[in-house]
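The values are calculated or read from the model by the stated rules, or taken from the named source; none is laboratory data. Treat the numbers as computed from the prediction; the structure is a model and nothing was measured. Neighbour counts run over all protein chains shown; Cβ positions are idealised from the backbone, glycine included. What goes into the accessible areas is simple: the full protein's heavy atoms, side chains included, and nothing from ligands, DNA or RNA. Shrake-Rupley method; radii C 1.70, N 1.55, O 1.52, S 1.80 Å.
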Amino acid sequence: MSVYDYSAKTITGEETSLSDYRGKVLLIVNTASKCGFTPQFKALQSLYDTYKDQGFEVLGFPCNQFMNQDPGSDQDIQAFCQKHYGVTFQMFSKINVNGEDAHPLFKFLVSQKSGLLTQAIKWNFTKFLIDRHGEVIARYAPQKKPSELSTAIEKVLQS
């Protein structure tokens, strides 16, 4: 199994297979619009702008499971991300990342890379780095700033 075995609905409503990203390095992030980590959108966009021409993609998955920090509709979320952070990377429809109703992609991601003391995602802006073969290389806590991932991304891009 790899991330390529999953699909998800984009924020504009199209069902998309992650196999469309085959051969690219991915950073998959559960996001929220009203969180202390929300400013990370700017740094995620910066990473995307820096590395997209080398085969890098950021995939954002809004989630409202953590203290109701993304209560809006998909349209509200998309407008917020574009207006406040200039987000042009692919955003997906709002999902759950924990529990029985967790999106199958996130069930897979946490099964591949556990967090500190638990598999569950503890908060918004947990990040998963995926190599060009669809394998989960690393998991980063929300506190890890996207700007601190450049070295790891460059290493995976070059491998």
Over the chain, average the accessible area per residue using a 1.4 Å probe and give it in Å², no decimals.
48 Å²
Taking the Cα centre of the range 31-159 as the origin and placing charges on Cβ (Lys, Arg +1; Asp, Glu -1), which of 54, 125, 108 is farthest toward the positive end of the dipole?
125
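Hey, what number do you get for the chain at 222 nm if only DSSP H runs of n ≥ 4 count, each worth -39500 (n - 2.57), divided across all residues, to the nearest 500?
-8000 deg cm²/dmol
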Of every Cα-Cα pair in the chain, the percent that sits beyond 26 Å
17 percent
Work out, step by step, the length gained on full extension between residue 144 and residue 46: first 0.36 nm times the residue separation, then minus their alpha carbon distance; give nm to one decimal.
33.8 nm
What is the spin-label model distance, in nm, from residue 101 to residue 152 if the labels are put 7 Å beyond Cα along the C-beta direction?
2.9 nm
Ignoring ligands, DNA and RNA, please state the percent of accessible area on the range 1-110 from carbon and sulfur, probe 1.4 Å.
45 percent
Please list 67, 91 from largest to smallest accessible area, probe radius 1.4 Å, with all protein chains kept in place.
67, 91
Expressed to one decimal in nm², the mean projection of the alpha carbon convex hull of the range 10-65 is 4.5 nm²
Other-chain or far-sequence residues with amide H under 5 Å of residue 9's (modelled H):
16, 93
List the longest stretch of the chain that has no exposed loop site; here a site is one of the GluC sites (Glu not before Pro) assigned by DSSP to anything other than H, G, I, E or B, with at most 11 other Cβ within 10 Å.
15-99
When only DSSP loop residues count, what trypsin sites (Lys or Arg not before Pro) in the range 1-46 have their Cβ near at most 13 other Cβ atoms within 10 Å?
22
Simple Cβ-charge dipole of the chain, Lys/Arg +1 and Asp/Glu -1, about Cα centre, in debye nearest 20:
460 debye
Measure of exposure for residue 149: accessible area at 1.4 Å probe, Å² rounded to 10, is 0 Å²
